[in-house]
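Reading through the structure tokens given below for one structure.
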Amino acid sequence: MIRRWKTLFEPYRIKAVEPLGFASTAERERALHAAAYNVFHVPAETVLIDLLTDSGTSAMSGEQWAALMRGDEAYAGSRSFETFQKAVRELTGYREVIPAHQGRAAEHILFSVLGGPGKVFLANAHFETTRGNIEATGAKAIDLPAPEAADPANPSPFKGDIDTRALERAIGEHGAANIPLAIMTVTNNTAAGQPVSMRNLREASEICAKHKIPLFLDAARFAENAYLVKKRETGYAARAAAETAREMFSLAQGCWMSAKKDGLAHIGGFLALKDKALADRAREAMVLFEGFPTYGGLAGRDLEAIARGLSEVLDDDYLEHRLRLIEFFSERMRAAKVPIVEPPGGHAVFVDAKAFLPHIPPEQLPASALAGAAYRTGGVRGAAMGNFLRLAVPRRAYTQSHLEYVAEVFSEIAAQKDLVRGLKRVGEAKGMGVLFARLEPV
Ligand code: F0G
């Protein structure tokens, strides 16, 4: 319905509000210093608009909050598991449904069963936890992104695609017998949240079928992918996102999902697949670290909230608003003379920090420097990812005016960007680089 109107308006009204944290510039300056110039370590209270991630930060609907009260906390075989299983089966068409406490837990279960030295996993791109879980087993994770993805300014509509020729080559090189599965991450978070086209997904599915390699989706942002297909791919404009989403799942043999994104929930995830034997191995593997297979590290109430979220997220009005909001945000950032990855994907605007701050060489971490500047200048928090600063938009939580404000902050930074200084690492960065890095101005 809202597509008919020029005005971009939220297809919901607000039932509960949460005040923003207005810290002073001096307070933020002090917090940033204490956080070793890493915005992951500033108190969230001092952040005004938090675009660090779109994960677990969505606003739940009244119906989701009500669903929490329906949670059945039985240890095994709870009614909430039945509700959850039904919702996931209807969405994906896969019979075997295994809950997990979040996406990376589902990855951990799956790759602890399928990984191991000598094994190779191929994907359009692996998210960092996916890669981490694969490599932890001694296996290899290889990204095969479409060539257009390398150029941030290239406006091709489906820069999340896999390079199908590279896929064929990699299968030939490593041997199908050593490839337990191929992965399509939809949307492709590592490639700036760009979507995968149905055409590419179908081709990848055919190649995998020919070599008898199961294809799995990393479905964290499946609904946004489906709606970007509707907007950008010939033949899909008239279809509901739900129908396109079901077609996406039908082209694969299984998926895992972080329900903290398109599940519209604060926590949760799952593994869903066709192969019963593999599912049973996963169920056995998970008991030690995730729990019994009908709750998988979650409370019954969480299963209820996710089941409800999975249907709300496929509302075409919700998705139309969501993606137009990202477009609006992109337009304002372009107007503020901030180079962004084109075209915008589904969940975030990625600022090309290296292009924006050419006086800061890559070894002085322009994206982390910009993250600090955005926080200091306007209390805006984003996440450095390589040379990009990701400004991820939580679902249903911020309005158009909030993002207009963020663009104003960036236009102020643009006006005096020579003042932004590079950073250098101090001490040893333990674990995942950006999360624990300690930095100081050069
Ligand atoms: N796959 C993708 C594509 C993701 O973006 C994420 C998480 C995961 C898997 C792991 O799921 O967090 O529930 O364990 N992405 C978050 C982000 C952290 O900020 O992009 P999780």
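Read-outs: derived from the displayed coordinates by stated rules, not from any lab. Treat the numbers as computed from the prediction; the structure is a model and nothing was measured. So basically every Cβ, Gly included, is an ideal-geometry build from the backbone, and we count neighbours across all protein chains shown.
Between rounded, prolate and oblate, where does region 128-173 land on the alpha carbon gyration tensor, with a ≥ b ≥ c its root eigenvalues, rounded for a/c under 1.5, else prolate if a/b exceeds b/c?
Oblate is the answer for region 128-173, as a/c is 1.5 or above yet b/c matches or exceeds a/b.
In terms of Cα to Cα distance under 17 Å, which lysines are near enough to Lys230, apart from those fewer than 8 places away along the same chain? Of all the lysines, those that pass the test against Lys230 - Cα under 17 Å, at least 8 places apart if same chain - are Lys159.
How far is helix 79-92 tilted off the main Cα axis of the chain, in degrees rounded to 10, range 0 to 90? Result, in degrees: 90.
Just to confirm my numbers, what's the Cα centroid distance between region 1-69 and region 164-239 in Å? The two parts, judged by their Cα centres, are 31 Å apart. Length available on full extension from Arg281 to Lys212: 0.36 nm per residue minus the Cα-Cα distance, which gives 22.9 nm. Where a ≥ b ≥ c are the square roots of the eigenvalues of the C-alpha gyration tensor, would you call region 196-287 rounded, which needs a/c under 1.5, or, failing that, prolate if a/b is larger than b/c, or oblate? Taking the square roots of the gyration eigenvalues as a ≥ b ≥ c, region 196-287 is oblate. Pairwise Cα distances in the chain exceed 42 Å for 12 percent of all pairs.
Remark: spin-label model distance Ser156-Ala397 equals 3.3 nm, labels positioned 7 Å along the Cα→Cβ axis. Here the sum of -39500 (n - 2.57) over DSSP H runs of 4 or more residues, divided by the residues of the chain, equals -12000 deg cm²/dmol at 222 nm, to the nearest 500.
Angle check, please: helix 316-335 long axis (alpha carbons) against the longest principal axis of the chain (alpha carbons), in degrees 0 to 90, nearest 10. Computed tilt is about 30 degrees. Helix 366-378 versus the longest principal axis of the chain: what angle, 0 to 90°, nearest 10, using Cα atoms? Result, in degrees: 60. Cross-link partners for Lys210 among the lysines, with Cα-Cα distance under 20 Å and sequence neighbours closer than 8 places in the same chain left out: Lys119, Lys274.
Note on Lys424: lysines with a C-alpha under 26 Å away, same-chain residues under 8 apart excluded, are Lys354. Ordered by the number of other Cβ atoms lying within 10 Å of each residue's own Cβ, fewest first, Lys424, Lys15 fall into the sequence Lys15, Lys424. For region 62-312, the share of DSSP beta bridges that are antiparallel, to the nearest 5, is 50%. Annotation: the residues Lys212, Lys86, sorted from fewest to most other C-beta atoms within 10 Å of their own C-beta, follow the order Lys212, Lys86. By the count of other C-beta atoms within 10 Å, a proxy for reagent exposure, Lys417, Lys159 are ordered fewest to most as Lys417, Lys159.
Compared with the alpha-carbon gap, the fully stretched path from Ser24 to Ala240 is longer by 73.2 nm at 0.36 nm per residue.
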